[in-house]
Amino acid sequence: MVEGIGIVLLKLAFVLLFVLNFGGLLTWVERKQSALMQDRIGANRASIFGIRLIGLFHTIADAVKMFTKESFRPVAAEKFLFTIGPGISVFFALVGFAVIPFGDVLIIGGKEINLQLAPLNIGVLYLFAVAGMAVYGVVLGAWASKNNFALLGGLRASAQMISYEVALGVTIIGSLMIYQTVELQEIVRWQGGTLWGWLPKWGVLMQPVGFILFLTVGIAQSKRVPFDAPEGESEIIGYFLEYSGMGFGMYMLTDFVETVMISAITVTLFLGGWQVPYLMADGFHFPWGATWQLENWAVALLQVGSFTLKVMFFLWLQMTIRWTLPRFRYDQIMRLGWKYILPISLVNILITGLIITLLK
Amino acid sequence: MPRNIFKTLQQKFSDFILEAYTYRDDAIVVVDRNAIYDICKFLRDDSRMKFDLLMDLAGVDYLGRDPRFEVVYTLYSLKNNNRLRIKVPIDERNPQIQTVSTLWKIADWYEREVWDMYGIRFKGHPDLRRILMYDEFKGHPLRKDYPITKRQPLITAEYTNNSTITPTVELSNKAMDEYVSEEDGLKVKHMFLNMGPSHPAMHGVIKIILELDGERVVSADVGIGYLHRSFEKHSESIYYNGVFPYTDRLNYVSPLINNVGYALTVEKLLDIEVTERCKYIRIIMSEISRIADHLTCIGAMAMELGAMTAFIYFMQAREAMYQLIEEVTGARITISYVRVGGVKADLPERYEKRVGEQLKKVRAEIKQVHKLLTRNRIFVDRVQGVGVVSKEDAISFSFTGPLLRASGVDYDVRKQFPYSNYDKIDFEIPIGKNGDVYDRYLIRMEEMEQSCLIIEQAFEKMPKGAIMVDFEGQEIPAEKMADLGKFGQTKNLLHQVAVTDPTLLGSNKPYHDMVYAPDKRVSLPSKEKTYGSIEGLMNHFMLIMDGYGIRPPRGEAYFAVEGANGELGFYIVSDGTDKAHRVRCRPPCFAFVAGFGKMIEGAQVADIVPAFGSINMIAGELDR
């Protein structure tokens with residue numbers, strides 16, 4: 001019993017550290033990558049004892065700044081909701097990670113440890129439920145600020161997130177039909193197989209259209225450029241207009257955590273999660289017959305590493321998109337969601353169903 | 001041409017035409033104030049006249065004369081390509097005149113400004129409020145009896161205590177609470193949003209009060225004046241060359257064009273021509289500024305749409321342009337480079353090569369941004385069909401520059417009234433047809449390429465001449481020469497040549513004479529002449545001493561140049577002294593901002609941002 005709790009706590013610590021560190025690090029990545037893309041130097045001023053470490057300390061400096069700044073609340077604001085708004089937002093962004101598997105099974109002292117925080121058999125549904133709740137943090141914060149700009153931002157956010165919620169669910173039904181399960185660990189395991197003996201059976205190959213649609217909807221869910229109409233910094237400044245200090249910091253953190261989240265889900269559903277091509281539980285089995293035996297701990301390490309690398313790739317991709325494209329207008333986002341993404345997803349489901357039936 | 005206009009007018013309005021004459025090729029008609037509306041209507045609508053643009057409307061105060069005030073209308077006809085100035089004397093006891101805001105939409109704002117500055121009332125004006133000054137301001141600042149040193153508190157304690165702070169803006173002439181309309185049986189209350197004066201997209205300082213139905217803009221009221229610096233009042237209090245630093249601060253993104261515009265107006269008043277080389281230098285510097293201005297405009301617009309990367313690319317290109325400007329003028333923004341009768345100093349050595357290098361950089365960045373934006377689906381969706389201004393509206397609001405051309409009207413001051421040798425240069429004017437933000441973007445992109453071509457041609461055509469100095473034992477450094485002069489050791493000084501940097505003011509005679517008009521009334525003599533001959537010294541003092549300086553003859557002139565935003569006009573009245581009696585600046589973006597409320601009506605909140613970016617509002621020139 002105590003052992004079990006200890007393991008859960010350890011896993012919890014790992015996931016939280018993973019997510020929060022990535023989220024925090026993203027503030028640095030965003031600055032540095034935009035700087036690279038724009039021929040600038042980027043953040044490099046913060047230093048500890050003269051060591052600058054290519055600006056990595058800015059992450060710490062940011063955190064210190066956020067914590068020590070005055071948290072200002074407008075007189076007219078709804079006191080309670082205004083205070084808990086950012087908390088709700090960041091909470092629901094974080095709890096989604098509970099069901100993301102970051103590795104297969106690690107055996108320590110004959111005890112099998114599932115490298116997933118909460119092995120829920122309704123994993124995907126849980127994810128969507130949690131993603132659906134995230135909008136409350138935004139809307140409540142925006143409404144409670146009693147500011148017209150923030151209110152506009154909140155309205156945009158609720159409309160956008162609820163619309164894309166629908167699309168988010170529909171886009172992956174095709175994949176779920178193939179995987180025949182909604183448990184994420186099982187989905188990842190399913191992707192471990194090969195096609196024609198050599199091609200890894202990753203979701204992206206089975207559902208290329210679904211993959212692109214899901215990624216688009218995912219970025220829209222995280223409210224980042226080109227879907228950042230709720231923020232729209234040059235138009236309405238955003239739903240967090242009246243927040244300062246850590247309140248604002250939490251909204252910003254939510255953005256980054258959601259970016260990590262979207263990457264993690266995409267990887268899990270479409271890029272084989274922790275799978276490394278040809279890596280089985282006991283080592284590599286290459287299609288040309290060669291094998292390479294590995295210890296269980298090494299396999300687990302490779303799997304976690306593979307998952308991390310894939311997530312990092314999608315973080316990079318999202319940053320690149322963010323710094324390349326301009327922003328959609330609010331009604332254009334709606335049109336894209338309802339008139340293009342949703343019908344295409346439905347057609348995708350139809351075609352997937354047809355193919356599955358024919359192949360039977 | 002003017003004669004025909006005069007004749008027709010005199011036949012039709014014989015009782016009301018007080019005077020009709022030309023001065024410095026400007027056609028001027030002085031009319032009685034009772035007939036101003038009819039005359040304007042006739043001039044606008046008559047098929048032979050077709051004065052469809054009200055370019056400018058300004059007041060002048062002739063204190064001590066009766067009638068004391070004058071309202072000056074500058075009309076322009078697209079069809080005949082000519083300007084006409086109508087002057088209306090107005091009595092001090094009853095400063096009132098019929099409004100023309102029903103004829104030209106822009107007159108609404110122009111007349112508000114005249115009311116604000118001179119206290120002349122316009123009968124029938126729909127909304128005669130102050131525009132540049134704040135509502136609590138007492139008096140009318142441009143009147144000659146309003147002392148320039150007078151100060152007023154912004155808002156008095158008395159005002160804040162007993163005012164009920166009623167909104168001075170009345171949108172749709174209703175009280176705010178009654179804002180309920182019925183749509184599909186639902187009662188809708190509109191929301192009010194104060195966009196600005198402190199808002200990230202309102203670069204410069206400007207306030208837009210929006211009446212919103214959801215995300216849709218029902219009506220908008222634009223408020224300006226937050227950056228009013230009394231440019232016109234200052235210009236009346238200082239000698240002619242002293243105005244240049246003030247003109248730098250008009251359109252601070254392309255200050256060189258303002259310099260050139262002001263200098264050319266004073267030169268027109270004095271009736272002098274500058275040297276050929278100087279003309280080309282002015283062209284080159286103007287076009288470099290134009291490129292910088294367009295880069296800023298497009299970059300800022302892209303940034304506000306979320307395309308930050310395009311903005312940074314363009315800022316890099318602009319940096320190249322600013323470096324060029326810095327090499328010539330020694331400053332980047334407050335350059336004060338042009339002088340009446342010339343420019344401060346000649347171009348530095350090997351400048352042509354430097355310009356070639358930098359233009360290459362700019363072209364590369366433009367190409368880059370073309371790839372990023374021009375066919376980018378999101379960008380095109382955001383800007384196409386947004387902020388549309390029809391041809392008729394553009395003319396009625398007297399838009400000029402890229403905005404007028406985007407609406408499909410072929411008007412560019414560089415082509416229509418060529419100045420500074422623009423007629424000797426081969427370039428094209430891009431014309432749009434939809435009048436939306438996308439067309440304005442494309443036009444600005446193309447104009448930058450045309451400006452590059454103009455610069456290259458100007459360098460080809462520029463007379464070269466003896467720029468290099470002869471080093472045969474004759475020359476002394478300029479500062480030493482000045483010392484010698486001060487101690488009276490002036491023997492042979494006139495024949496000696498100083499070795500200095502060519503960009504140093506007044507030094508080095510060959511350079512100096514290349515860029516200064518050979519006119520003793522305006523051009524400071526070169527230092528060799530000043531320290532080497534009594535004529536030069538006298539000339540120097542005549543231009544420097546207070547009360548002397550440049551003194552244009554009694555008269556007035558309007559001259560316009562093509563600023564980066566459009567027609568940048570100056571109207572200067574001289575009373576024969578060394579200080580102008582009246583300097584009126586016609587800022588191009590004043591018209592755009594006046595028409596902005598109409599431009600965004602019915603659009604979405606998000607459309608305000610690209611539309612506002614595309615009009616390139618520069619608060620320095622808008623509020624003066």
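The values are calculated or read from the model by the stated rules, or taken from the named source; none is laboratory data. As the structure is a computational prediction, the values presented were derived from the model and not from experiment. FYI the Cβ positions are ideal-geometry reconstructions off the backbone, even for glycines, and counts take in every protein chain you see. Side chains are part of the model used for accessible areas, which takes the heavy atoms of the whole protein and leaves out ligands, DNA and RNA. Shrake-Rupley method; radii C 1.70, N 1.55, O 1.52, S 1.80 Å.
General observations
- Selected from A:T171, A:Q207, A:F82, residue furthest toward positive end of dipole (chain A; charges at beta carbon): A:F82
- When the alpha carbon coordinates of region B:2-123 are projected onto the principal axes, the ranges are 36, 28, 26 Å, largest first.
- Loop-located chymotrypsin sites (Phe, Trp or Tyr not before Pro) in region B:1-56, at most 16 other Cβ atoms within 10 Å (DSSP): B:F13
- Integer Hz, Karplus 6.51/-1.76/1.60 couplings in order for region B:202-212, x for Gly and Pro: 8, 4, x, 10, 8, 10, 10, 9, 9, 9, 10
- Buried accessible surface for the A/B chain pair comes to about 2500 Å², total over both chains, computed with a 1.4 Å probe.
- Accessible area (Å², 1.4 Å probe, nearest 10) - A:M312: 90 Å²
- Probe 1.4 Å, all protein chains present, accessible-area order of B:K579, B:K12, largest first: B:K12, B:K579
- GNM remark for chain A: springs join alpha carbons under 10 Å apart, and the peak mean-square fluctuation among A:L81, A:L16, A:L53 falls on A:L53.
- Restricting the trypsin sites (Lys or Arg not before Pro) of region B:381-441 to loop positions (DSSP other than H, G, I, E, B) with no more than 13 neighbouring Cβ atoms within 10 Å leaves B:K433.
- A cut-off of 5 Å between modelled amide H atoms, ignoring neighbours fewer than 5 places along the same chain, links B:L53 with B:Y76, B:L78.
- With coordinates expressed along the principal axes, the C-alpha atoms belonging to region B:278-406 extend over 47, 36, 21 Å, beginning with the largest.
- For B:T577, the accessible area of its heavy atoms, probed at 1.4 Å with every protein chain present, is near 60 square angstrom.
- Taking only the Cα atoms of region B:579-624, the ratio Rg/Rh comes out at 1.15, with Rh defined as the Kirkwood radius.
- The HN-Hα couplings worked out from phi for region B:348-363 by the Karplus form 6.51 cos²θ - 1.76 cosθ + 1.60 (θ = phi - 60°) are x, 5, 6, 6, 4, 5, 4, 4, x, 4, 5, 5, 4, 4, 4, 5 Hz, whole numbers, x standing for Gly and Pro.
- Per-pair calculated FRET efficiency, R0 = 25 Å: B:I238 and B:Y146 via Cβ, rounded to 0.05: 0.90
- Computed over region A:77-359, the ratio Rg/Rh where both radii use C-alpha atoms and Rh is Kirkwood: 1.02
- Accessible surface of the protein assembly as shown [probe 1.4 Å, protein heavy atoms]: carbon and sulfur percent: 60 percent
- For region B:326-370, the set of trypsin sites (Lys or Arg not before Pro) satisfying both a DSSP loop assignment and a count of at most 11 other C-beta atoms within 10 Å is given as B:R350.
- Listed pairs B:K87/B:K415; B:K87/B:K144; B:K41/B:K233 exceeding 30 Å between Cα atoms: B:K41/B:K233
- Kyte-Doolittle at least -0.5, axis length at least 18 Å by Cα - qualifying DSSP helices, chain A: A:2-37, A:79-95, A:123-144, A:148-171, A:208-221, A:245-270, A:296-322, A:342-359
- Projected-area average for the protein assembly as shown over all orientations - Cα convex hull basis, square nanometres: 53.7 nm²
- Distant-in-sequence amide H partners of B:A27 (H built 1.01 Å from N, under 5 Å): B:R85
- Region A:260-310 gives an Rg/Rh value of 1.04, both radii derived from C-alpha positions and Rh following Kirkwood.
- Using alpha-carbon coordinates, inclination of helix B:276-304 to the longest axis of chain B, degrees: 40 degrees
- Here the relative contact order of chain B, from alpha carbon pairs under 8 Å that lie six or more residues apart, stands at 16 percent.
- Virtual spin-label span in nm between A:I321 and B:E392, 7 Å along Cα→Cβ: 4.5 nm
- Inter-part distance where region B:286-339 and region B:89-140 are each reduced to a Cα centre, Å: 36 Å
- Nearest-ten-degree value, helix B:605-615 long axis tilted from longest Cα axis of chain B: 30 degrees
- With a 10 Å cut-off around each Cβ of A:58-69, the average count of Cβ atoms from other chains is 0.
- In plain terms, the bigger the Kirkwood radius, the slower the diffusion; for region B:240-463, with that radius from Cα pairs, at 25 °C and 0.890 mPa s, Stokes-Einstein puts D at 135 µm²/s.
- Whole-angstrom Cα spans of chain B along principal axes, big to small: 95, 62, 56
- In order through region B:78-94: 3J(HN,Hα) via Karplus (6.51 cos²θ - 1.76 cosθ + 1.60), integer Hz, x for Gly, Pro: 5, 5, 8, 6, 9, 10, 9, 10, 10, 10, 10, x, 10, 6, 6, 5, 9
- Rounded to the nearest 10 square angstrom, A:F72 shows an accessible area of 110 square angstrom against a 1.4 Å probe.
- On Cα atoms only, tilt of B:36-45 relative to the major axis of chain B in degrees: 90 degrees
- Convex hull volume per residue in cubic angstrom - Cα atoms of region A:118-203: 100 Å³
- Region A:114-135 and region A:153-182 have Cα centres separated by 14 Å.
- Ranked by how many other beta carbons lie within 10 Å on average, peptides A:262-271, B:199-208 from highest: A:262-271, B:199-208
- Farthest towards the positive end of the charge dipole of chain A, among the residues A:F248, A:P287, A:P101, is the Cα of A:F248, using unit charges on the Cβ of Lys, Arg, Asp and Glu.
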